[in-house]
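Chemist: Below is a structure I'd like to ask you about.
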Amino acid sequence: MHRIVYSSIASKGTNTPDVFEIVDVSARNNPQRSVTGFLLYDADRFLQMIEGPALALQALLEDLEADPRHHSIEVLHRSATDERWFPDWEMKQLISFSAEPALEQLRHTLATKPGGAEIFAIVDDFLRE
Ligand SMILES: Cc1cc2nc3c(=O)[nH]c(=O)nc-3n(C[C@H](O)[C@H](O)[C@H](O)COP(=O)(O)O)c2cc1C
């Protein structure tokens, strides 16, 4: 099992309805791929954490590289893990950042996992920019 966090830039014309579609497709595909995680979107940028079997993540990354709705993918974190942190999030969408229960759950989970602090810092950076 691996965990990857990447950021990317939303392409011109990519907007909230596209993101709903992405999350819909993810909810359909990710259980088959045994992938879970979350997706942050702020109108210009994405930050996504994906966790699952290494081969499944590699296949997803190849799909992501080919997706015209974003570009400039930059992998910020990659690690091996024996624990899935977000077993219930087939792809949790986090669009509005303040007072969002899912964001609180995200913070809580990352605060309690070994190695979670590093990913928390990446999320925090993303939210602050
Ligand atoms: C920022 C971003 C995140 C995405 N995350 C996922 C994902 O977690 N799972 C997924 O299946 N597709 C995701 N996609 C969509 C894929 O790039 C691709 O369009 C999709 O997997 C194709 O699925 P299909 O072959 O079932 O149509 C994402 C796209 C973008 C732009």
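Chemist: Hey, which of the strands (runs of 3 or more DSSP E) in the stretch 42-124, taking only ones fully inside, have at least 1 residues that are within 11 Å of the ligand (Cβ to nearest atom) and of a type in the set (S, T, N, Q)?
Modeler: Details: elements: 45-52, 70-80, 92-94.
Correct list: 45-52, 92-94.
Chemist: Right, next: Take Gly13 and tell me if it is of a type outside the set (S, T, N, Q), on the phi > 0 side of the Ramachandran plot and near the ligand (Cβ under 9 Å from one of its atoms).
Modeler: Against the criterion (of a type outside the set (S, T, N, Q), on the phi > 0 side of the Ramachandran plot and near the ligand (Cβ under 9 Å from one of its atoms)), Gly13 does not qualify.
Chemist: Can you work out which of the residues in the stretch 16-41 that are among the aromatic types (Phe, Trp, Tyr) and near the ligand (Cβ under 10 Å from one of its atoms) is nearest to the chain's Cα centre (by Cα)?
Modeler: Phe38
Chemist: Could you go through the stretch 73-92 and let me know if any residue there is of a type in the set (Asp, Glu), farther than 20 Å from Met1 by Cα and modelled with pLDDT under 95.
Modeler: no
Chemist: Looking at this structure, is Ala27 modelled with pLDDT of 95 or more, among the small types (Gly, Ala, Ser) and part of a helix (DSSP H, G or I)?
Modeler: no
Chemist: Given (1) near the ligand (Cβ under 9 Å from one of its atoms); (2) closer than 16 Å to Glu74 by Cβ, where does Val5 come up short, assuming only one miss?
Modeler: (1)
Chemist: So Asp18 fits all but one of (1) among the acidic types (Asp, Glu); (2) in a helix (DSSP H, G or I); (3) under 19 Å from Glu129 (Cα atoms); what number is the exception?
Modeler: Asp18 satisfies every listed condition except (3).
Chemist: Considering only the stretch 30-72, state which residues are out of contact with any Pro (no Cβ under 7 Å at 6 or more places or on another chain) and small (Gly, Ala, Ser).
Modeler: Of the residues in the stretch 30-72, the ones out of contact with any Pro (no Cβ under 7 Å at 6 or more places or on another chain) are 30-33, 35, 37-72.
Hits for the stretch 30-72 are Gly37, Ala43, Gly52, Ala54, Ala56, Ala59, Ala66, Ser72.
Chemist: Across the stretch 19-74, what is the number of residues that are free of Cβ contacts under 8 Å to residues at least 24 places away in the same chain and closer than 27 Å to Ala117 by Cβ?
Modeler: 3
Chemist: Only one of Leu40, Leu64, Leu60, Leu55 is out of contact with any Asp or Glu (no Cβ under 9 Å at 6 or more places or on another chain), aliphatic (A, V, I, L, M) and loosely packed, with under 14 Cβ neighbours inside 10 Å; which?
Modeler: Numbers: Leu40 fails: loosely packed, with under 14 Cβ neighbours inside 10 Å; Leu64 fails: loosely packed, with under 14 Cβ neighbours inside 10 Å; Leu60 fails: loosely packed, with under 14 Cβ neighbours inside 10 Å.
None of the others qualify; the one that does is Leu55.
The values are calculated or read from the model by the stated rules, or taken from the named source; none is laboratory data. Just so it is clear, the model here is predicted, and its values are computed rather than measured. Every residue, glycine among them, receives a Cβ derived from its backbone with ideal geometry; neighbour counts consider all protein chains shown.
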